[in-house]
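Everything on this sheet refers to the single structure shown next.
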Ligand SMILES: Nc1ncnc2c1ncn2[C@@H]1O[C@H](COP(=O)(O)OP(=O)(O)O)[C@@H](O)[C@H]1O
Ligand SMILES: O=P(O)(O)OC[C@H]1O[C@](O)(COP(=O)(O)O)[C@@H](O)[C@@H]1O
């Protein structure tokens, strides 16, 4: 079973307008509200691809109820910890001439609530996959991913971490099966801009030296690279298409990778191409990738 953990789920409020004028009243031409947060997105795309998962994490207030309801309406399973105070955040995604995002802070997660999540994680067993994805509300200690990985050590679970800089660096010592930084995040981890594929793969190798097993580097419209634990590397251009909404493209890539791995009986290469196709299928559509969209794109990049 795949479990996804989202510490800070959201309602993503997606707005489209011709131009965003700072300091003015702006009127939108399109609006939509979707459940968001990286782990939730992974679960929703897995569902679209025909794979079950269970989402774990924290929700609070009326926004949390809306997240739960909408998430369930996609046919996804969740077992969230409900927080007594505060509200799940609303993340504003403004699509004008350029994309601007304003992500909320999220509710307070008490020590008792954290323990409740830890209890839910006790059910993980050999062969299960855990996806730890997204930011940690700044009210929580930032070693929480490490604490989870420490507790699960030796159980034979595959752990995927999709988080930025500090959070990601801290978990490497626990040997995550897969990490997915984008090219900019990978550069930030080393305090430099990485321009060529050689530079990116070399730095992915440095993350492996610190403990990561497989490193998937996403590069938005430039496609992706994969460095596997047995030293093989794969590259893929992004499929051709028109960018419509890149929110959730990275999460979709993780879901596609997992689905591809499962469906191919454990091929990292197949997982990689399915990941790229799924990321791009989400980027080319208003909503998250669907199976037919992914399959159509996969045919354009795979043999
Ligand atoms: N503009 C785009 N055109 C085509 N594919 C894209 C585009 N943006 C994202 N993708 C696809 O989604 C994947 C993940 O996107 P990326 O933006 O790198 O992730 P993140 O959202 O984590 O930063 C890319 O590797 C690519 O396959
Ligand atoms: O947890 P974070 O880093 O604040 O990110 C949350 C946001 O990321 C998303 O999951 C999208 O992620 P990506 O675009 O990186 O795939 C949104 O749904 C959500 O609003």
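For segment 161-275, report the convex hull volume of the alpha-carbon atoms normalised per residue, in Å³, without decimals.
Values: hull volume 11.4 nm³, N = 115.
Taking only Cα atoms, segment 161-275 has a hull volume of 99 Å³ per residue.
What Kirkwood hydrodynamic radius, in Å, does segment 80-139 give when the mean of 1/r is taken over all pairs of distinct Cα atoms and then inverted? Present the calculation step by step, with values, prior to reporting the outcome.
Numbers: mean 1/r = 0.0700 Å⁻¹.
Hydrodynamic radius (Kirkwood, Cα only) of segment 80-139 equals 14.3 Å.
Given contacts defined as C-alpha pairs under 8 Å and at least six residues apart, what's the relative contact order of segment 1-151, whole-number percent? Let's see the in-between values first.
Numbers: 303 pairs, mean separation 46.2, N = 151.
Across segment 1-151, relative contact order equals 31 percent.
Which order do peptides 117-126, 137-146 fall in by mean Cβ count within 10 Å, highest first? Don't skip to the end; give the middle numbers.
On the way: 117-126: 13.7, 137-146: 15.2.
Descending mean neighbour count gives 137-146, 117-126.
If I build a Gaussian network model for the chain, linking alpha-carbon pairs within less than 10 angstrom, which residue out of 180, 232, 38 has the largest mean-square fluctuation?
232
Can you put 43, 267, 236, 10 in order of Cβ neighbours within 10 angstrom, beginning with the fewest? Each step should come with its number before you reach the end.
Working: 43 31, 267 13, 236 19, 10 26.
The order, fewest Cβ neighbours first, is 267, 236, 10, 43.
Take the Cα pairs of segment 36-111, get the Kirkwood Rh, then feed it into Stokes-Einstein at 20 °C and 1.002 mPa s and tell me D in µm²/s. It would help to have the intermediate numbers written out before the result.
Details: Rh = 13.4 Å.
Answer from the Stokes-Einstein relation: 160 µm²/s.
Work out, in µm²/s and without decimals, the Stokes-Einstein translational diffusion coefficient of segment 169-209 at 25 °C, 0.890 mPa s, Rh from Kirkwood over C-alpha pairs.
Details: Rh = 10.6 Å.
So the translational diffusion coefficient is about 232 µm²/s.
Quick one: length gained pulling residue 138 to residue 235 fully straight, 0.36 nm per residue minus the C-alpha distance?
On the way: separation 97, 0.36 × 97 = 34.92 nm, distance 3.53 nm.
Contour length minus the Cα-Cα distance gives 31.4 nm.
When a footprinting reagent is the concern and you count Cβ atoms within 10 Å, what order do 219, 1, 44 take, fewest first?
On the way: 219 19, 1 15, 44 28.
Ascending Cβ contact count within 10 Å gives the list 1, 219, 44.
What 222 nm value per residue comes from the helices of the chain, counting each DSSP H run with n ≥ 4 as -39,500 (n - 2.57) and dividing by all residues, nearest 500 deg cm²/dmol?
Details: 10 runs with 113 residues, N = 303.
Only helices count here, giving -11500 deg cm²/dmol.
Pull out the extension gain between residue 196 and residue 25, defined as 0.36 nm times the separation in residues minus the alpha carbon to alpha carbon distance; nm, one decimal.
Values: separation 171, 0.36 × 171 = 61.56 nm, distance 4.20 nm.
Gain on extension, residue 196 to residue 25, equals 57.4 nm.
Points 7 angstrom from Cα along the Cβ direction at residue 110 and residue 82: gap in nanometres?
1.5
By average Cβ neighbour count within 10 Å, what is the ranking of 270-278, 283-291 from highest down?
On the way: 270-278: 27.2, 283-291: 19.2.
Ranking the peptides 270-278, 283-291 by packing returns 270-278, 283-291.
Expressed as a rounded percentage, what relative contact order does the chain have, with Cα pairs under 8 Å and six or more residues apart? Show your work: numbers first, answer last.
Details: 654 pairs, mean separation 44.1, N = 303.
Here the relative contact order equals 15 percent.
Kindly provide log₁₀ I(q)/I(0) values, in the same order as q = 0.09, 0.11, 0.12 Å⁻¹, from the Debye equation applied to equal alpha-carbon scatterers of the chain.
Here the Debye-derived log intensity ratios amount to -0.41, -0.63, -0.76.
Quick note: the coordinates plus some simple rules give every number you see, no bench work behind them. This is a predicted model, so every value here is computed, not measured. Quick reminder, even Gly has a Cβ in these numbers, built from the backbone with ideal geometry, and neighbours come from all protein chains shown.
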